[in-house]
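Undergrad: A single structure is presented below for examination.
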Amino acid sequence: MKFLSVLPLVLVASFAVATAQQPQSNLSFEVASIRPGADADAEMIAIRMNAERSMIHYVNVSLRDMIRVAYNVKEFQVTGPDWIRNRYNIEAKYPAGATEDQVPEMLQSLLRDRFKLQFHNETKDHAVFALVVGKNGPKLKPSEVKATDYPDSPNRKPGTPVRGDLQIMGSPTGMHLKGPALTLSRLCETLSMFVDQPVVDQTGLPERYDIDLTFMPDNMRMRGGPGAPGQGADGGAEAQPRITLFEAIQDLGLKLEPRKAPLQMLIVDHIEKAPTEN
């Protein structure tokens, strides 16, 4: 997928790499199960990153995503060997007294101890897409999902959407992103997966929103055969037109503008493909 039109604009953006200011954490998960997930090149998979009051449940989460959460950076700020795309299923329990807010510290220890992560930081100019409000204003409503709606909350009703949980679903009809009570910064992190430039939040909208977004990535749009653009799943005529990410974003009253920004990058110098035993 390629969106190559870049305007010569300068966007001052600051993405701080947490390790540049913070000492190494010694807080670790009490116990962590790490198993291989889906293949890194799999196209139709479910990805889930849940942090509860007592443990995390990660499904098909890449090493890059774990580094992103651990060091408070965006996915596009993390570069390294090809295998940082490898996916894992992880269930890890917090030690006594630890909270969800300390998950990044515990992930730092897990990456350092189990995957032998070593890295350094660099600042580089980078072409980005800025998510901004469209000329007619946003078409978003603040979420009504309560902060208590977490998987292990005793007050949560079965089937209630999980606050901040973004589901990514792929099929021959395109990509479907859905999640309640998401910040637009969190949405931008996910959108960066589907374009060849980082997406940064410049909307100035601080609320959490319920997001439901469907679009056709360019790499799927160019693919032939059943399910390709212009065809249904059975190879017949397509029932509905398929829109690009840029068009889908406009339906939310937002738009993506090409700009440039100096970004701090986290450069992985060493990381093991397979984790050590617990």
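The values are calculated or read from the model by the stated rules, or taken from the named source; none is laboratory data. Since the model is a prediction, treat every value here as computed from it, not as a measurement. All Cβ positions, even for glycine, are placed from backbone atoms using ideal geometry, and neighbour counts span all protein chains on display. Heavy atoms of the whole protein, side chains included, go into the accessibility calculation; ligands, DNA and RNA do not. Shrake-Rupley method; radii C 1.70, N 1.55, O 1.52, S 1.80 Å.
Undergrad: Would you tally the net charge around Leu182, using a Cβ to Cβ cut-off of less than 12 Å, leaving Leu182 out, and scoring K and R as +1, D and E as -1?
TA: Once positives and negatives cancel, what remains is -2.
Undergrad: Just how much of Thr173 is accessible, in Å², when a 1.4 Å probe is used and the result is rounded to the nearest 10?
TA: Approximately 90 Å² of Thr173 is accessible to the 1.4 Å probe.
Undergrad: Going through segment 31-67, which trypsin sites (Lys or Arg not before Pro) have at most 14 other Cβ atoms within 10 Å and a DSSP loop state?
TA: Loop-located and lightly packed - Arg53.
Undergrad: Modelling each spin label as a point 7 Å along the Cα-to-Cβ direction, I'd like the Glu91/Asn121 distance in nm, to one decimal.
TA: 3.6
Undergrad: How far is it, in nm, from the label point at Asn50 to the one at Lys141 when both lie 7 Å from their Cα along the line to the Cβ?
TA: Using points 7 Å along Cα→Cβ, the separation is 2.6 nm.
Undergrad: Want the number for Phe246 to Asn26: 0.36 nm per residue separation, take away the alpha-carbon distance, what's left?
TA: Stretched out fully, the Phe246 to Asn26 stretch lengthens by 74.9 nm.
Undergrad: In whole Å, how far is the Cα centre of segment 253-278 from that of segment 104-131?
TA: 6
Undergrad: Also: His57: accessible area at probe 1.4 Å, nearest 10 Å²?
TA: Near enough 50 Å² of accessible area.
Undergrad: For segment 55-139, what is the convex hull (Cα atoms) projected area averaged across all directions, in square nanometres?
TA: For segment 55-139, the mean projected area of the Cα convex hull comes to 8.5 nm².
Undergrad: Which percent of the accessible area of segment 29-153 is formed by carbon and sulfur heavy atoms (probe 1.4 angstrom)?
TA: C and S fraction of accessible area: 47 percent.
Undergrad: Then there is this: Extending each Cα 7 Å along its Cβ direction at Lys178 and Ala274, get the distance between those two points in nm, one decimal.
TA: Computed distance between label sites Lys178 and Ala274 equals 3.8 nm.
Undergrad: Tell me, what is the per residue accessible area of segment 16-139 in Å², probe radius 1.4 Å?
TA: Accessible area per residue: 49 Å².
Undergrad: With a 1.4 Å probe and all protein chains kept in place, how much accessible area does Glu247 have, in Å² rounded to the nearest 10?
TA: Approximately 90 Å² for this residue.
Undergrad: Hey, with R₀ at 45 Å, roughly what FRET efficiency would Trp83 and Asp210 work out to, going by the Cβ-Cβ distance, to 0.05?
TA: In this case the efficiency is close to 0.80.
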